[in-house]
Amino acid sequence: VTVNLGDRSYSIKMGYGLTDDLGKLIIEEIPDITGCAIVTSPTIDRLYGKEVSEGLSELSPVNILVPDGEEAKNWETVGMITGKFIESGLDRKCLVIALGGGAVGDIAGFASSIYLRGVRVAQVPTTLLGMLDSSIGGKTAANHNMGKNLLGSFHQPSIVLDDPKFLLSLPKRDIGAGLVEAVKHGVIANVHLFNFIQDNEELLLNKDITSLVKVIGLNTRIKSAYVEKDERDLLGLRAALNYGHTLGHAVERLLSPKIRHGEAVAIGMNYASILATKLGLITIEDVKAQKMVLEGLGLSLNLPELSIQNIMKFMKRDKKVVNEKIRFILPKGIGVEPTIANIEDNLLIKTLKEIR
Ligand SMILES: NC(=O)c1ccc[n+]([C@@H]2O[C@H](COP(=O)([O-])OP(=O)(O)OC[C@H]3O[C@@H](n4cnc5c(N)ncnc54)[C@H](O)[C@@H]3O)[C@@H](O)[C@H]2O)c1
Ligand SMILES: [Zn+2]
């Protein structure tokens, strides 16, 4: 798939074993490369570090390790990564390879976007969520104590390489959590994707590669189309991708690192869809269908025991807040473009209590 963004266009390539000869592939795609760094985390390094570095030996990569998962996404890590870039003498024609899940992709992308005012990054996702969502679109991020993803930049990758072989070591929990973003894409844009997930939950959770590849392929196209239409989230079109994320981010921030991003988003999708029924936007049948699919993936949709006041505080720090009003992405059906609306605090609080 090509993501068409003028001089920032790039391709997303997918194939089993695609990264086996990574060096050759990268030199073909980025012939003027002068050096490279692999940013990854200890778990991924232990599983794949050796083979990936060996595949890149002609480029003598510098290996940079950040903590696993959400703990990597902070300002200190950005300082550490960029410090290693400087020590290694990487110049403006270097390439940063973000090898990992969404967390590594976000933080390595952020560091690349500010090093020497921006160097190229290749996203090589190792989680399902990374392949079907976070590696595409150039949003980079770090968290702040006061909220999730409050720091960051837009920095499109130069290439995205999806190798489904990485998924074989991924815990089932992360497959389920990753599929939440696929269900989200189905609800906001494509009923066939939604139905495919509904009909193949067991196969997907058991890592049937053919089914996973089909889901990744469909999602890649949906996400790319949104990015092409509204690269910097200025027209309100890309905002649809934030369905489930207003409450999701607040829950994730409050429970990090105990909860996965996708698990928090699932709670947020269920909540936003219940709000939408109250405004007469979506039928209860559609909300139930979404609930069944998410629960079928092993997700719990109840709001964890958190103070509602805290949740409201974090939701008010969401990037979508304008004039202190919390703006929600509200579904209008399965596979139907959602709408955005400001919602009064009273209704938000009442509905939070209901999903406890
Ligand atoms: N930039 C975007 O557009 C975008 C979109 C969606 C989500 N995100 C971000 O992505 C993050 C979540 O990403 P995630 O769900 O990929 O989780 P993650 O990156 O936190 O990884 C989850 C865990 O899986 C481990 N892991 C990764 N690959 C593995 C593999 N192949 N085998 C075994 N273990 C492996 C990691 O070390 C980590 O402990 C969140 O921070 C979220 O905000 C960003
Ligand atoms: Zn997400």
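Quick notes
- Pairwise label distance in nanometres, Asn206 with Lys288, each label 7 Å out on the Cα-Cβ vector: 2.8 nm
- Whole-Hz couplings from phi, Karplus 6.51/-1.76/1.60, listed for region 275-280; x for Gly and Pro: 4, 5, 5, 5, 9, x
- The sum of -39500 (n - 2.57) across all DSSP H runs of n ≥ 4, divided by the residue count of the chain, sets its helix-only mean residue ellipticity at 222 nm to -13500 deg cm²/dmol.
- In nm, spacing of pseudo-spin labels at Leu150 and Trp75 (7 Å Cα→C-beta vector): 1.0 nm
- For region 35-94: rounded, prolate or oblate by the Cα gyration tensor [a/c cutoff 1.5]: oblate
- Sequence-distant residues sharing a close amide H with Ile340 (under 5 Å, placed H): Leu330
- For Gly333, distant residues with modelled amide H under 5 Å away: none
- Taking 0.36 nm per residue of separation and subtracting the Cα-Cα distance, full extension of the segment from Lys229 to Lys165 would add 19.9 nm.
- In plain terms, if you count all Cα to Cα distances in region 103-191 and split them into 10 Å steps from zero, the share in each step is 17, 41, 35, 7, 0 percent.
- Kirkwood Rh and Cα Rg combined as Rg/Rh, region 1-159: 0.93
- Paired Rg and Dmax values of region 259-338, which use every Cα atom, in angstrom: 13.3, 38
- Table column - 3J(HN,Hα) (Hz), region 74-84, Karplus curve with 6.51, -1.76, 1.60, x for Gly and Pro: 9, 5, 4, 5, 4, x, 5, 4, 5, x, 5
- Per-residue ³J(HN,Hα) for region 110-116, Karplus 6.51 cos²θ - 1.76 cosθ + 1.60, θ = phi - 60°, Hz, x for Gly and Pro: 4, 4, 5, 6, 10, 5, 6
- Cα shape, region 168-267, gyration tensor, a/c 1.5 rule: oblate
- Panel note: the C-alpha atoms of region 126-165, placed on their principal axes, show extents of 36, 19, 10 Å (largest first).
- Residues of region 280-312 with an amide N closer than 18 Å to a point placed 7 Å from the Cα of Lys258 along the Cα-to-Cβ direction: 299-312.
- Seen against the Cα atoms of the chain and their longest principal axis, helix 245-255 is set at about 70 degrees.
- Spin-label pair Glu344/Asp20, simplified geometry with 7 Å Cα→Cβ offset, distance in nm: 6.3 nm
- With q set to 0.12 Å⁻¹, the log10 of I(q)/I(0) for the chain, from the Debye formula over equal scatterers at the Cα positions, is -0.83.
- Between Gly83, Gly137, Gly147, the residue with the greatest mean-square fluctuation in the GNM of the chain (Cα pairs under 10 Å linked by springs) is Gly83.
- Size-normalised alpha-carbon gyration radius of region 214-322, reference 2.2 N^0.38 Å: 1.13
- With the highest mean first, a sort of the peptides 26-35, 90-99, 288-297 on other beta-carbon atoms found within 10 angstrom per residue produces 90-99, 288-297, 26-35.
- For the chain, accessible area per residue (1.4 Å probe, heavy atoms of protein chains only), Å²: 41 Å²
- GNM top mover of Pro331, Pro42, Pro125 - the chain, alpha-carbon springs below 10 Å: Pro42
- At q = 0.24, 0.28 Å⁻¹, base-10 log of I(q)/I(0) for region 73-116 (Debye sum, equal scatterers on each alpha carbon): -0.82, -1.07
- Residue of Ile197, Ile340, Ile159 that the Gaussian network model of the chain assigns the largest fluctuation, springs spanning Cα pairs under 10 Å: Ile340
- Annotation: amide H of Gly152 within the under-5 Å range of Ala142, sequence separation 5 or more or interchain, hydrogens built in the peptide plane.
- Pair-distance distribution P(r) for region 243-286, from all Cα-Cα distances in 5 Å bins starting at 0: 6, 27, 26, 16, 12, 8, 4, 0 percent.
The values are calculated or read from the model by the stated rules, or taken from the named source; none is laboratory data. Please read all numbers here as calculations on a predicted model, not as lab measurements. Quick reminder, even Gly has a Cβ in these numbers, built from the backbone with ideal geometry, and neighbours come from all protein chains shown. For accessibility, only protein heavy atoms count, side chains too; no ligands or nucleic acids. Shrake-Rupley method; radii C 1.70, N 1.55, O 1.52, S 1.80 Å.
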